[in-house]
Amino acid sequence: MKRTTRGALAAAVAGLAAALGATATATPAAAAAAVPVPVPLGGAETALGTELPEIAGELPVPTAGAPEGPRYTEGRLLPDRTLPQLPVTGGLPGLDVRQPLPHLLGEGFDHAALDAPAAGLRTLTPGLALDTPLRAPAADGGLPSLGLPRAGVLAPVVETVPSAGLGVGPGL
């Protein structure tokens, strides 16, 4: 094997290894369902000389799914769902807030907290069902019949189960 051929082969293998390494390191970040969002209030606490709440949030990353394929039914020229519904999954944003309390409620209560974790969200976009005024030809080889055109809108769907917790307790 010539020296130039070996050099080109080595460069190709090195480029492939670098591309695979970059993909391996990028996959976990791209696969995250939610992105944490901290709210830094340390500088404001120092400037104001008081304790401020600790706030953190989560922003979901929506992902689109694959629509269902066309469903052909007997007697119709167009598929059942002409414009299919597209599924999109994601989530509602989450929030975690802890506010220090200077023993307002007694000795054992040092903070008030609100915890609303990110909740899963599943949606379907609106779809469209159409049918032409021309019906399918008869089975005996006759001409197609005429009818009224049909149109329908497939309603969008939103499914989620949000939750939240409010409480007071010791420590921060």
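No value in this document is a laboratory result; all are computed from the given coordinates. Computed from a predicted model, the values in this text were never measured in an experiment. Glycine also receives a Cβ, built like all others from the backbone with ideal geometry; neighbour counts cover every protein chain displayed.
Quick look at the numbers
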item: Extent along principal axes [Cα atoms of the range 33-169; Å; largest to smallest]; result: 89, 28, 20
item: For the range 109-164 versus the range 48-77, the gap between their alpha-carbon centres in whole angstrom; result: 16 Å
item: Protection proxy ranking of 56-68, 141-153, 118-130 - average other beta-carbon atoms within 10 Å, highest first; result: 118-130, 56-68, 141-153
item: Estimated FRET transfer efficiency (Ala138, Ala56; beta-carbon r; R0 45 Å; 0.05); result: 0.10
item: P(r) weight above 19 Å for the range 82-156, C-alpha pairs, percent; result: 68 percent
item: Peptides ranked, highest mean first, by Cβ atoms within 10 Å: ranges 156-166, 85-95; result: 85-95, 156-166
